[in-house]
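Engineer: Just passing along the structure, written as structure tokens.
What follows draws every value from the coordinates through simple rules; no lab data is involved. From a predicted model like this one, the values you see are computed outputs, not experimental measurements. Cβ coordinates were reconstructed from backbone atoms using ideal geometry, including for glycine residues, and neighbour counts include every protein chain displayed.
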Amino acid sequence: MSSAISSRGTDGKSRRPIDVAQAAVVCLGLIFSLCFAFITPPFWGNDNMSHYSRAYQIAQGDLFPQLIDYTEKPDVPAYGGELPKTLWKVFELSNAQRSQAAESGSGSAHNPAFHRTAELETALNTHLHASSDTETVWFNNTAAYSPVPYLIPAAGIAVADALNVTAEQALLIPTLLNALFFIFCAWLAVWILKDSKFKWLVVAFTLFPPALAQAVSSVTADTCTNALCMLLFALIVKALLLKQQLTRLDTVVFAATAVLLPLCKPTYGFLTLVLLLTPNARFAFRRLTNTCVKWASVGLGFALWVAWTLVSASTSLGMPRFRSDYWEKSFGTSDQLHALFANPLNMFRLVANTFVDQDDNINHLQLSALSLASSPTGILLFSAALVLVAGACERVRFAKKSHMWLLILALLAAFGSSLASIYCTFNPVGNSSIEGVYARYFFPITPFVVLLILATTSLRFATHRAHSGLTELEPEPNLEVEPGLADVPMRSRVLTVAVPILLAAALLATTLKYYGQIWGL
């Protein structure tokens, strides 16, 4: 089954077929990226001031964490940098409305959370260099990030700074560049899987409404992280499950992903270890070159991750600033880790309590601005699209069970280390659950979880040959399909028409709810 639609020109000659999956990612991605970017008020994305300030710092050439004179407690150092007062003024005015909305409980279609006041309008229309003064900004939480996830928005900020644009344009340019990068990586992931139905999983998770809103509505390190995880997903599917040959471009993407992903978010760097399972013969070059590409890229990524961890280690001393017992205690993280590991059952109890006690908070408040609620209708429509896509994917298996277990261990390591970092950052010792956990923190690993389910089960639109009068289908090239089963022919319209329509409707429902909560309808 192909998801490409061919066409003929007026001269009767056939043209290159249109890949609907690629078109869906680009068209729907761009349309709704623009919607989310323009709807989100200034600095209302997740920790947007911290992320933007870190990107601005990198745009000025300061790549490493910088200590600032912002001492609240003698044992808690502060890291940050300088931001133009023009932008700081915008933040103060916009954040005042954000805080008021949080306190008053506004954020519904009948009780909007934000409006552009005359003072804010003036600040947004002020040019970046209207004042040469700067404001020292504290951002311990993002100072620990390497420059890699901020390179695209930093380039946009550098351009905005050079052109002396208005404050509003200085916020919009890097956000739009970040969104374009995300859509490009998603398109590239679909292109890598262009001969497989698994490409529709990339389409679905790229256009998952909360994930798209998170990635494109503001400057954030999550954009680059999610984009590279989508490329990693495509490479693992193609090399390990579909067992297809990697092209030269695939090999370049392989090397770039292996090196850059651990520098975006270290917790997801564990997933790059799965790339080591790729057989050398699968690469596009000669045998020795293939071996070097695989081991050198993964090894370099790991080495750079260790190096950056050592460089940024001191920033962890400032992380207790987010804890509710910050003013009462002097501490590092050793007391937390001791309480956690003193009894192994504590870890399981803590995780269980987190996902039971805070289930509504984790899964309901997913959107970027002010943790606004996502649309239940949008989630339902997306779920229907995901079921259709998952049911159409080829039934394939890992070549060895050890490969499957390594992926499982990598996912558990990414999941566990993410929870541990949140626990050590936000939670006092002795908490019965981990505060500050949201579903959006795990968006990058969700496709891999679905992939594991599909690779270890036969949950497809399929039937046994022995009990079916269906004509046996032609096997797809380069695929190792589970013996004894035949795919039920699914009309191409199910994927090429129904799935894009469902995803578009899910995004539209989410956009309308998002807009209504912030601006009112």
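Engineer: At most 12 other Cβ atoms within 10 Å and a DSSP loop assignment: could you name the trypsin sites (Lys or Arg not before Pro) in region 234-308 that fit?
Structural biologist: Passing both the DSSP loop test and the Cβ count: 286.
Engineer: Another question, if that's okay. Beta carbons within 10 angstrom, averaged per residue: use that to sort the peptides 268-276, 406-414, highest first.
Structural biologist: Descending mean neighbour count gives 268-276, 406-414.
Engineer: For a label point 7 Å from the Cα of residue 162 along Cα→C-beta, name the residues of region 76-93 whose backbone N is under 20 Å from it.
Structural biologist: 84
Engineer: Rounded to whole Hz and in sequence order, give me ³J(HN,Hα) for region 50-61 from the Karplus expression 6.51 cos²θ - 1.76 cosθ + 1.60, θ = phi - 60°, writing x for Gly and Pro.
Structural biologist: 5, 5, 5, 5, 5, 5, 5, 4, 5, 4, 8, x
Engineer: Sticking with this structure for a sec: Which one, 122, 87, 102, projects farthest toward the positive side of the charge dipole computed for region 84-162 from Cβ point charges (K/R +1, D/E -1)?
Structural biologist: 102
Engineer: Distance cut-off 24 Å, Cα to Cα: go down the list 243/294; 265/400; 238/294; 85/513; 243/265; 194/265 and report the pairs above it.
Structural biologist: Values: 243/294 16 Å; 265/400 29 Å; 238/294 15 Å; 85/513 33 Å; 243/265 28 Å; 194/265 28 Å.
The pairs that break the limit, which is 24 Å between Cα atoms, are 265/400; 85/513; 243/265; 194/265.
Engineer: Hey, another quick one. R0 = 45 Å: FRET efficiency of residue 27 with residue 103, Cβ-based, nearest 0.05?
Structural biologist: Given R0 = 45 Å and the Cβ-Cβ separation, E is 0.70.
Engineer: Would you please put 508-517, 111-120 in order of how densely packed they are, using the mean number of other Cβ atoms within 10 angstrom per residue and starting with the highest?
Structural biologist: Highest-to-lowest ranking by the protection proxy: 508-517, 111-120.
Engineer: Sticking with this one: Between region 158-213 and region 274-297, how far is it from one alpha carbon centroid to the other, in angstrom?
Structural biologist: 29
Engineer: Further question on the same structure: Which three extents, in whole angstrom, do the alpha-carbon atoms of region 244-324 cover along their principal axes, largest first?
Structural biologist: Cα spread of region 244-324 along its principal axes, largest to smallest: 54, 20, 18 Å.
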